[in-house]
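> A single structure is presented below for examination.
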Amino acid sequence: MKKFRIQLIIWALVTVTSLQAQNGASDVIYIKGAKFTAPLVQKWIAEYAKVNPKVQVKWTDKEVDGEDIDLNLLAYNDSLQLDKRVVYVGRYALLPVTSKDNSYLSELNKKNLTKKKLKDLFFNEDVYADEEKDSKSSYKTTVYSGNNRSAVTVTFASYFGHKTADIRGKRISGDDLYLINAIEKDPTGITFNNLSYIFNTETRQLKDNIALLPLDVKKEQRKVLSSANIDQVIALLESQSVDLIPVQNFGFFYSNTIGSGATDFLSWILNKGLEYNHNYGFLKPSEDVLASQKQQIGSEKYLSSANTK
């Protein structure tokens, strides 16, 4: 009898210890994606940890095996694998920029860029080459773009009906922030980039050494762009489409076998996390896209909970 009681006590201690370990256990969700989205995603991670500390969400580094990635952030149009799904959590906009020291800027400001001229400037020979060849002034521009794996470069080229290889000028590998560094050092340089790299997200103003290339848009739209204020630009692009400004959805794609932890994180982003998009230079999803994404995640959560019963 005494031996039985000892065994019972041992069993009880093991059971309690096991339950405590389970209750204290943390799910780990690994995320990988375009670097320019990292500040926003890391903000989501930090805020989500406050409401659900038992789930660890981590932005991955190069040491994490691809098979261990739970959520990949898709930042440009691509053909998804058949076993993948996507939840869009925001949009980014691209604007063409140059250095304030660019001697060509004053000439460009006299001739707002139409879609044709913008395409010529980035994809063909200099749009003003023939006009300027007999002029005493000699203008030169150097286009800077990312490599073929740059989401910004892929999106910009695709929007204007081209491939990344069609963009003329110099390619820069690595973070698209380097494109801004390049035109700051080269007074002939022009490039394009997303709002979070063009604007200072702390002051909400255009970065000091950057100037927007003038676009041939409606007067009220041009007034917003000339304000050089990121909040006004975001408000404009969320309320209406501007033909010369590419706007691209971005979101997480994942396997159909997504776990409940990742599903809950995505649900939190759609219901709470989107309030941080503007702070980091991103647009929210359009209302119809957001509604469909919430419906999709709702069904995922239902399936996930049903599978655990």
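The values are calculated or read from the model by the stated rules, or taken from the named source; none is laboratory data. As the structure is a prediction and not an experimental result, all values here were calculated from the model. Note that we place each Cβ from the backbone using ideal geometry, even for glycine, and neighbour counts take in every protein chain shown.
> Got a number for residues in segment 191-204 being in contact (Cβ under 8 Å) with a residue 40 or more places away in the chain, among the β-branched types (V, I, T) and surrounded by fewer than 24 Cβ atoms within 10 Å (Cβ to Cβ)?
1
> Regarding segment 300-307, can at least one residue be identified that is crowded, with 17+ Cβ neighbours inside 10 Å and either at pLDDT below 95 or closer than 15 Å to L95 by Cβ (or both)?
Yes, segment 300-307 contains at least one residue that is crowded, with 17+ Cβ neighbours inside 10 Å and either at pLDDT below 95 or closer than 15 Å to L95 by Cβ (or both).
> Turning to a different aspect of this structure: Quick one: which of T141, T98, T155 is touching a strand residue (DSSP E or B) at 6+ places or on another chain (Cβ under 6 Å), of a type in the set (S, T, N, Q), farther than 30 Å from S299 by Cα and at pLDDT below 90?
Of T141, T98, T155, the one residue that is touching a strand residue (DSSP E or B) at 6+ places or on another chain (Cβ under 6 Å), of a type in the set (S, T, N, Q), farther than 30 Å from S299 by Cα and at pLDDT below 90 is T141.
> Could you tell me whether any residue of segment 65-73 is within 30 Å of K119 (Cα to Cα) and modelled with pLDDT under 95? Can you show your working first?
Filtering segment 65-73 for residues within 30 Å of K119 (Cα to Cα) gives 73.
Checking the rest, the ones that are also modelled with pLDDT under 95 come to 73.
Yes, segment 65-73 contains a residue that is within 30 Å of K119 (Cα to Cα) and modelled with pLDDT under 95.
> Same structure again: If S79 meets every condition in (1) touching a Lys or Arg at 6+ places or on another chain (Cβ under 9 Å); (2) among the hydroxyl-bearing types (S, T, Y); (3) at pLDDT below 95 apart from one, which number is that one?
(1)
> Hey, could you check segment 256-278 for residues that are more than 14 Å from the chain's Cα centre (by Cα) and among the hydrophobic types (A, V, I, L, M, F, W, C) and say which is modelled with the lowest pLDDT?
Ranking the qualifying residues of segment 256-278, first place goes to I258.
> If you don't mind, another one. From the list N193, N181, pick out the single residue that is within 20 Å of the chain's Cα centre (by Cα), within 24 Å of K119 (Cα to Cα), in a helix (DSSP H, G or I) and not assigned by TED's automatic domain parsing to the domain that holds Q296.
The conditions single out N181.
> Something else: What's the total number of residues in segment 106-129 that are crowded, with 20+ Cβ neighbours inside 10 Å and modelled with pLDDT under 90?
2
> Do the conditions hold for K219, that is, is it within 20 Å of L118 (Cβ to Cβ) and either modelled with pLDDT of 95 or more or among the basic types (K, R) (or both)?
On the way: within 20 Å of L118 (Cβ to Cβ): yes; either modelled with pLDDT of 95 or more or among the basic types (K, R) (or both): yes.
Yes.
> Oh, and also: Grab the helices (runs of 4 or more DSSP H) fully contained in segment 199-297, keeping just those with 2 or more residues being outside the structural domain of Y159 (by TED's automatic domain parsing) and either out of contact with any helix residue (DSSP H, G or I) (no Cβ under 8 Å at 6 or more places or on another chain) or hydrophobic (A, V, I, L, M, F, W, C) (or both).
Values: elements: 219-226, 230-239, 260-271.
Output list reads 260-271.
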